[in-house]
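Okay, structure first, notes after.
The values are calculated or read from the model by the stated rules, or taken from the named source; none is laboratory data. In this text, all values refer to a predicted model and were calculated from it rather than measured experimentally. Here the Cβ positions follow ideal geometry from the backbone for every residue, glycine too, while neighbour counts run over all protein chains shown. Heavy atoms of the whole protein, side chains included, go into the accessibility calculation; ligands, DNA and RNA do not. Shrake-Rupley method; radii C 1.70, N 1.55, O 1.52, S 1.80 Å.
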There are 2 protein chains.
Amino acid sequence: MTGVAKSAVCVLGTGLIGGSVLRAAVAAGYDAWGYNRSHAGVRAARADGFDVGDDIEAVLKRAAASDALIVLGVPMPAIDSILSDVRLLAPGCALTDVVSVKAPVAATVRRHELGARYVGGHPMAGTAESGWAASTPDLFRGAAWAVGVDPGTHVEPWTRVARLALDCGAVVVPVVADEHDRAVARISHLPHVLAEALAVVGAGGGDLALGLAAGSFRDGTRVAATAPDLVRAICEPNAAALLDALDDTLRLLTAARDTLATNATLGELIDAGYSERDRYDTLHRWNITDIRPGDHNWLERLREAGQRGGVIRGLD
Amino acid sequence: MTGVAKSAVCVLGTGLIGGSVLRAAVAAGYDAWGYNRSHAGVRAARADGFDVGDDIEAVLKRAAASDALIVLGVPMPAIDSILSDVRLLAPGCALTDVVSVKAPVAATVRRHELGARYVGGHPMAGTAESGWAASTPDLFRGAAWAVGVDPGTHVEPWTRVARLALDCGAVVVPVVADEHDRAVARISHLPHVLAEALAVVGAGGGDLALGLAAGSFRDGTRVAATAPDLVRAICEPNAAALLDALDDTLRLLTAARDTLATNATLGELIDAGYSERDRYDTLHRWNITDIRPGDHNWLERLREAGQRGGVIRGLD
């Protein structure tokens, strides 16, 4: 997208998201390679022609020598351990991640004293599948990619991360960690919890109910097909924000339950849900064009623009 | 599917479901026509070459003269009124419906003394769209179509209804009204309620949250795009069964909420949801082949087979 040379990219963890970042980066012309701890994952990626190894030391030494942008592609429970390796072998590299929560990752990064060149990231894409086999270079096309604008973020790594997101086909949503975590609790983590509950209650009707199930049940439970460990790794580190979202949900459902019991109506829920789904359907992602990374107050201005639904589609 | 001459079919209400029945019946070679109370709906259907009128008296007199199978394609709130017309003008016709609840329709049919030739029906298909414009002859292809086997059901109208469902491309799930209503509360009505709640809680995160929303939110709220009056007409007549399903859901979500609050885990919900979604994905709709309509105890045997996930894919 620009004449600027693309920095090297080193992806640690080549599952669905990390693997897709690697594929998309290579497709966009980056010098990119990866690490996976599983031999099967390494073999699969190599069979597809990608430069993936299982020697974390070699992979990170190469990142340090190439001044690569390191992308943490492992789930939250593995972040602490992999950051120990980064701290030891490539502490000077620019650093981002693709984990579904941002504040816990940022806290861990700070504990490893790697905050200076860290910029949180979260591409909003996925499938119920997981692992390298499910990865694709087009996963992020048209997707939102949250990029952190927390106070103290440095412009050089920020621009690298935003550029990678754009080169992967995504639009950049600038957001600070706490606000990101509260937002995704509502639109990503809560959908997982509701899908699990719907699957259980639906199956409570036995084979008759499951045999009658059609589109509303299929779509409503789709993400319940995600591997349980992955769902826990996605949702549980965001417990406080998810709790708020769950409590809001319980209030709404309890009110609907009560009006259903007393006068056989679902009350205001149906109109409210229709109206908010329509708001989602018609949401306009407007382009942020007047804020240049590094300008005075750029972080706060990008944060405020992101809150109002603004996205970045290109960098000068 | 057989050499037997197809009976005429008269569809009252040509919205998404009724309109699709009319299209599918015509495509399958039935002499079929319809009624719609809206002039716009009539014009649209006629423009597409279908025989639809807005004169209920003429439409029903033709049904009586042709010994047509009458299909009630109107939503629950309109059932009582249209049954008054049927009672007056075509009381001897075989009668079925496509309403999302069965016990309330059956009770209304009995009140109009039309029970002798009535067989409840419910094709499990739909979209968030509504009206004739959304109808398609392929809507029921591969879908389950619940056909009532309540005590006292007569074999002749039952066979007509089952044959129509099969000719529309569906598989027949034999079920009694109460059990149908309890099942669809879990796999059709509850998904609507959860979708509405998710839309509201998600939008509570503002444009930032909606801008970050991806597949899990989109799929989880899809049916919230259904017209609110239609959602109420689908869900509220099934209040008692939906209440049970909602209470089960509230129990699960409250338990998950509590473990999340106390030790940051979602507890057993994730594994249970994954396991039940897998049960749905791998459900085998086995073929009922050894029960012939009219045989000794056929209604009870079909009911029991349906409870165990059996479907009918053809009639002798």
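Keeping all protein chains in the complex and leaving out DNA, RNA and ligands, what accessible area do you get for B:His122 with a 1.4 Å probe, in Å² to the nearest 10?
Answer for B:His122: close to 10 Å² accessible.
Using only the heavy atoms of the protein chains and a 1.4 Å probe, how would A:Arg110, B:Arg186 rank by accessible area, largest first?
Output order, biggest surface exposure first: A:Arg110, B:Arg186.
Given a 1.4 Å probe, how much area per residue of region B:181-282 is accessible, in Å²?
Counting only protein heavy atoms, the per-residue value for region B:181-282 is 32 Å².
In whole Å and largest first, what semi-axes does the C-alpha gyration tensor of region A:127-180 yield when each eigenvalue is scaled by 5 and square-rooted?
Ellipsoid half-lengths, sorted descending, are 24, 13, 10 Å.
Given a 1.4 angstrom probe, I'd like the percentage of the accessible area of chain B that is carbon and sulfur, rounded to a whole number.
Solvent-exposed carbon and sulfur of chain B make up 49 percent of the total.
Name the residue, out of B:Arg222, B:Arg279, B:Arg232, whose mean-square fluctuation peaks in a Gaussian network model built on chain B with Cα pairs under 10 Å.
B:Arg279
With a point put 7 Å past each Cα toward its Cβ, work out how far B:Ala227 is from B:Arg292 in nm, to one decimal.
Result: 4.6 nm between the two label points.
What distance in nm separates the simple spin-label points at A:His154 and B:Ser81, each placed 7 Å from Cα in the Cβ direction?
Using points 7 Å along Cα→Cβ, the separation is 7.2 nm.
If the elastic network links every pair of Cα atoms under 10 Å, which of B:Ala233, B:Ala255, B:Ala245 fluctuates the most in the Gaussian network model of chain B?
Among B:Ala233, B:Ala255, B:Ala245, the largest mean-square fluctuation in the Gaussian network model of chain B belongs to B:Ala255.
Run the reach check for A:Lys61 against lysines, Cα to Cα strictly under 25 Å, same-chain hits fewer than 8 apart removed. What comes back?
Correct list for A:Lys61: A:Lys6.
In whole Å and largest first, what semi-axes does the C-alpha gyration tensor of the protein assembly as shown yield when each eigenvalue is scaled by 5 and square-rooted?
Output for the protein assembly as shown: semi-axes of 54, 24, 22 Å.
Would you please give the residues with an amide H less than 5 Å from that of A:Val311, counting only those at least 5 places away or on a separate chain, with H modeled from the backbone geometry?
A:Trp286, A:Asn287, A:Ile288
Please state, rounded to one decimal and in Å, the Kirkwood hydrodynamic radius that region B:79-214 gives when every pair of distinct Cα atoms enters the mean of 1/r.
Answer for region B:79-214: a Kirkwood hydrodynamic radius of 16.9 Å.
At a cut-off of 50 Å², which residues of region A:199-213 become less accessible once all protein chains are present than in their chain alone, using a 1.4 Å probe?
Hits at the 50 Å² cut-off: A:Val200, A:Val201, A:Asp207, A:Leu208, A:Leu210, A:Gly211, A:Leu212.
In chain B, which helices (entire DSSP H runs) extend 24 Å or more along their own long axis, judged by Cα positions, while averaging at least 0.0 on the Kyte-Doolittle scale?
Helices passing the filter in chain B: B:239-263.
Principal axis lengths of chain A from Cα atoms, whole Å, largest first?
69, 48, 34
What does the charge count near B:Thr127 come to, summing +1 for each Lys or Arg and -1 for each Asp or Glu among other residues with Cβ under 13 Å from its Cβ?
Net charge around B:Thr127: -1.
Would you mind telling me the antiparallel percentage of the DSSP bridges in the protein assembly as shown, rounded to 5?
Taking every DSSP beta bridge within the protein assembly as shown, about 15 percent pair in antiparallel fashion.
Using a 1.4 Å probe and ignoring any ligands, DNA or RNA, find the accessible area of A:Lys61 and quote it in Å² to the nearest 10.
In the full protein context, A:Lys61 sits at about 110 Å².
First check a/c for region B:181-282, with a ≥ b ≥ c the square roots of the eigenvalues of its C-alpha gyration tensor; if it is under 1.5, answer rounded, and if not, answer prolate when a/b is larger than b/c or oblate otherwise.
Since a/c reaches 1.5 but b/c is at least a/b, the shape of region B:181-282 is classed as oblate.
Sort B:Phe140, A:Phe50 by heavy-atom solvent-accessible area, probe 1.4 angstrom, most to least.
I get A:Phe50, B:Phe140, largest accessible area first.
Sorted by accessible area (1.4 Å probe), largest first, how do B:Val26, A:Val311 line up?
So, going from the largest accessible area down, we get B:Val26, A:Val311.
Could you compute how much accessible area chains A and B hide from each other, both sides summed, with a 1.4 Å probe? Nearest 100 Å² is fine.
Summing both chains' loss of accessible area gives about 8000 Å².
Helix-derived [θ] at 222 nm for chain A: sum -39500 (n - 2.57) over DSSP H runs of at least 4, divide by residue count, nearest 500?
-15000 deg cm²/dmol
Using the Cα centre of the protein assembly as shown as the reference point, and only Cβ charges (+1 on K/R, -1 on D/E), how large is the resulting charge dipole? Debye, rounded to the nearest 20.
The calculated dipole for the protein assembly as shown is roughly 820 debye.
For A:260-267, what's the mean count of beta carbons from other chains sitting within 10 Å of each residue's beta carbon?
5
Please work out the FRET efficiency for the pair B:Ala134 and B:Glu304, using the Cβ-Cβ distance as r and a Förster radius of 51 Å; give the result to the nearest 0.05.
In this case the efficiency is close to 0.90.
What nm value, rounded to one decimal, do you get for the distance between B:Ala64 and A:Ala261 when each label is placed 7 Å out toward the C-beta?
Calculated label separation equals 4.8 nm.
Name the residue, out of B:Gly15, B:Gly169, B:Gly142, whose mean-square fluctuation peaks in a Gaussian network model built on chain B with Cα pairs under 10 Å.
Sorting by GNM fluctuation, first place goes to B:Gly142.
Which percent, nearest 5, of DSSP beta bridges in chain A are antiparallel?
15
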